[in-house]
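Q: Take this structure, written in structure tokens, and hold onto it; I'll ask about it next.
The values are calculated or read from the model by the stated rules, or taken from the named source; none is laboratory data. The structure presented is a predicted model; accordingly, all values stated were derived computationally and were not measured. Glycine also receives a Cβ, built like all others from the backbone with ideal geometry; neighbour counts cover every protein chain displayed.
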There are 2 protein chains.
Amino acid sequence: MSKLRVHSFSMSIDGFAAGPHQSLDDPLGVGGQRVHEWVFASPSGRRMFGEDVPADEPDGIDDDFFARGVTNIGATIMGRNMFGPVRGAWPDLSWTGWWGDEPPYHHDVFVLTHHARPSLSMQGGTTFHFTADPIDLVLARAVEAADGADVRLGGGVSTVQQYLRAGLVDELHVAIAPTLLGEGERLFEGVSAAIAGYECTEFVSSALATHAVLTRRMS
Amino acid sequence: MSKLRVHSFSMSIDGFAAGPHQSLDDPLGVGGQRVHEWVFASPSGRRMFGEDVPADEPDGIDDDFFARGVTNIGATIMGRNMFGPVRGAWPDLSWTGWWGDEPPYHHDVFVLTHHARPSLSMQGGTTFHFTADPIDLVLARAVEAADGADVRLGGGVSTVQQYLRAGLVDELHVAIAPTLLGEGERLFEGVSAAIAGYECTEFVSSALATHAVLTRRMS
């Protein structure tokens, strides 16, 4: 059965997954890039950002965790703020995501939004679907699109919280980075009841992140 | 000059330093013991709890961080809830702390409380002073008592937050444990402005904790 998995959800020591004031210049909010340094520094991450990293460069812990997030994933769900900085009704259809002409998904991506727009097919096999359906229905559509593979829940904070509260997340990988944000959005806010259903099943660290895997208990 | 240092301040992955419902049976709140497992398992911690640990038992990362908290400390400041579960006015003077006849401090300990009571001298050189003075004044008294050594700020959460907001904490060691509490008291709540004055200067992990040292920036 397909799982719903969250990967590489980075946060600061003080618990913020994104900084305040998200904008075109600061897709992750002010200071939000700092919690993702472990990604930018890993061979997998650098390849994703277009760097020509030699195949024999040794992988590390960070690389391993980053790579898990793109393994056996057949569809992605994300919130509208992860798709872009536009708020409210779409002024036009010119915004096509943060990722350029060829987004790194290569499968169907379901974007949660109250503002309808036509599906958007990009180079490399990524198609963005915009939907106001209830989150469990979106998950059902994503599972179907994934065709036997798992579904990745991308973010941001509010989207992950909604799925956590609904008890629909099977696995959640958080990366705690050696930095402080002071303010922003907390992942673990308003999810107390849901958290009781999870346990920490992995806990390993590199110099740039502590990786914790939270797994839903068998019920 | 004496520093004010916080050590071994443990919290869960979801950011809670103590569980809810502190009581005589649960000094750290329900589930709060779990975030301190790295202490209970370390040779230093086991010795503190009275176990006869062989001198040649190898120390690890956790032991090193635990030991730092008792090195070059000449006085301690703690909140009233760290001293005991009694709330409001003291019904009598029978409560003398969680630690038995010989507390592990061996120096002057200043307990912040609005409810006066006489100083209390225990075996082994620990004297508890109860004070309603402003926190900066308490720090000045503790520095004097420490006689050139540093002052340790013990806890709990609210006490550390007060000193953080006042900009009086020089160094803060937090230990993030591989567990989830779901609810309780957050260390990093209501301290956004203060946190901007700190940076993470150490970040190392064992299987039972990620240790982060936050140091006040030079101003």
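Q: Here is a list of conditions, (1) farther than 27 Å from A:Trp38 by Cβ; (2) within 12 Å of chain B (Cβ to nearest Cβ), and A:Ala132 meets all of them except one; can you say which number that is?
A: The number of the failed condition is (2).
Q: Evaluate the range A:168-182: report whether one residue or more is more than 29 Å from B:Ala209 (Cβ to Cβ), more than 9 Å from chain B (Cβ to nearest Cβ) and not charged (D, E, K, R). Let's see the steps before the verdict.
A: If we filter the range A:168-182 for residues that are more than 29 Å from B:Ala209 (Cβ to Cβ), which is where we start, we get A:168.
Subset that is more than 9 Å from chain B (Cβ to nearest Cβ): A:168.
Applying the additional criterion that residues be not charged (D, E, K, R) yields A:168.
Checked against the condition, which is being more than 29 Å from B:Ala209 (Cβ to Cβ), more than 9 Å from chain B (Cβ to nearest Cβ) and not charged (D, E, K, R), the range A:168-182 yields at least one hit.
Q: Which of the residues spanning the range B:1-28 are assigned to a loop (DSSP other than H, G, I, E, B), in contact (Cβ under 8 Å) with a residue 60 or more places away in the chain and of a type in the set (D, E, K, R)?
A: Selection gives B:Lys3, B:Asp14.
Q: Oh, and also: Starting from the range A:95-106, keep only residues that are under 21 Å from A:Gly29 (Cβ atoms), then list their pairs with residues that are surrounded by 13 or more Cβ atoms within 10 Å (Cβ to Cβ) and among the polar types (S, T, N, Q) whose Cβ atoms are within a distance under 7 Å, requiring at least 6 positions of separation or different chains.
A: A:Pro103/A:Thr126
Q: Working carefully through the options A:Val191, A:Val143, A:Val213, find the one that is in contact with a Leu (Cβ under 7 Å, 6 or more places away or on another chain) and crowded, with 18+ Cβ neighbours inside 10 Å.
A: Details: A:Val143 fails: in contact with a Leu (Cβ under 7 Å, 6 or more places away or on another chain); A:Val213 fails: in contact with a Leu (Cβ under 7 Å, 6 or more places away or on another chain).
The match here is A:Val191.
Q: Filter the range B:49-64 for residues that are in a helix (DSSP H, G or I) and out of contact with any Phe, Trp or Tyr (no Cβ under 8 Å at 6 or more places or on another chain) and give the result.
A: Once the filter is applied, which keeps residues that are in a helix (DSSP H, G or I) and out of contact with any Phe, Trp or Tyr (no Cβ under 8 Å at 6 or more places or on another chain), the range B:49-64 yields B:Ile61, B:Asp63, B:Asp64.
Q: Could you please find all residues in the range A:62-91 being touching a residue at least 24 places away in the same chain (Cβ under 8 Å) and polar (S, T, N, Q)?
A: A:Asn72, A:Thr76, A:Asn81 - these are the residues of the range A:62-91 that are touching a residue at least 24 places away in the same chain (Cβ under 8 Å) and polar (S, T, N, Q).
Q: Say whether the condition of being among the basic types (Lys, Arg), touching a strand residue (DSSP E or B) at 6+ places or on another chain (Cβ under 9 Å) and under 30 Å from A:Glu202 (Cβ atoms) is met by at least one residue in the range B:32-44.
A: Yes, the range B:32-44 contains at least one residue that is among the basic types (Lys, Arg), touching a strand residue (DSSP E or B) at 6+ places or on another chain (Cβ under 9 Å) and under 30 Å from A:Glu202 (Cβ atoms).
Q: Being among the charged types (D, E, K, R) and within 14 Å of chain B (Cβ to nearest Cβ), is that true of even one residue in the range A:47-55?
A: No: zero hits.
Q: Out of (1) within 14 Å of chain A (Cβ to nearest Cβ); (2) farther than 24 Å from B:Gly88 by Cα; (3) without any contact (Cβ under 8 Å) to a residue 40 or more places away in the chain, what's the single condition that is false for B:Arg216?
A: Looking at each condition in turn, B:Arg216 falls short on (3).
Q: Let me spell it out: the conditions are (1) within 14 Å of chain A (Cβ to nearest Cβ); (2) modelled with pLDDT under 85, and B:Val35 meets all of them except one. Which number is the exception?
A: Here B:Val35 clears every test but (2).
Q: Restricting to the range B:110-129, count the residues that are surrounded by 19 or more Cβ atoms within 10 Å (Cβ to Cβ) and either more than 17 Å from the chain's Cα centre (by Cα) or in contact (Cβ under 8 Å) with a residue 40 or more places away in the chain (or both).
A: 2
Q: Follow-up question, since we're still on this one. Give me a count of the residues in the range A:183-211 that are assigned to a strand (DSSP E or B) and more than 8 Å from every other protein chain (Cβ to nearest Cβ). Talk me through it step by step, then tell me what you get.
A: Initial filter on the range A:183-211 (assigned to a strand (DSSP E or B)): A:185-186, A:198-205, A:210-211.
Checking which are more than 8 Å from every other protein chain (Cβ to nearest Cβ) leaves us with A:185, A:201-202, A:211.
Qualifying residue count, the range A:183-211: 4.
Q: So A:Ile176 ticks every box in (1) over 17 Å from the mean Cα position of the chain (by Cα); (2) within 25 Å of B:Ile176 (Cβ to Cβ); (3) not basic (Lys, Arg); (4) not in a loop (DSSP other than H, G, I, E, B) but one. Which box is left unticked?
A: Of (1) over 17 Å from the mean Cα position of the chain (by Cα); (2) within 25 Å of B:Ile176 (Cβ to Cβ); (3) not basic (Lys, Arg); (4) not in a loop (DSSP other than H, G, I, E, B), only one is false for A:Ile176: (1).
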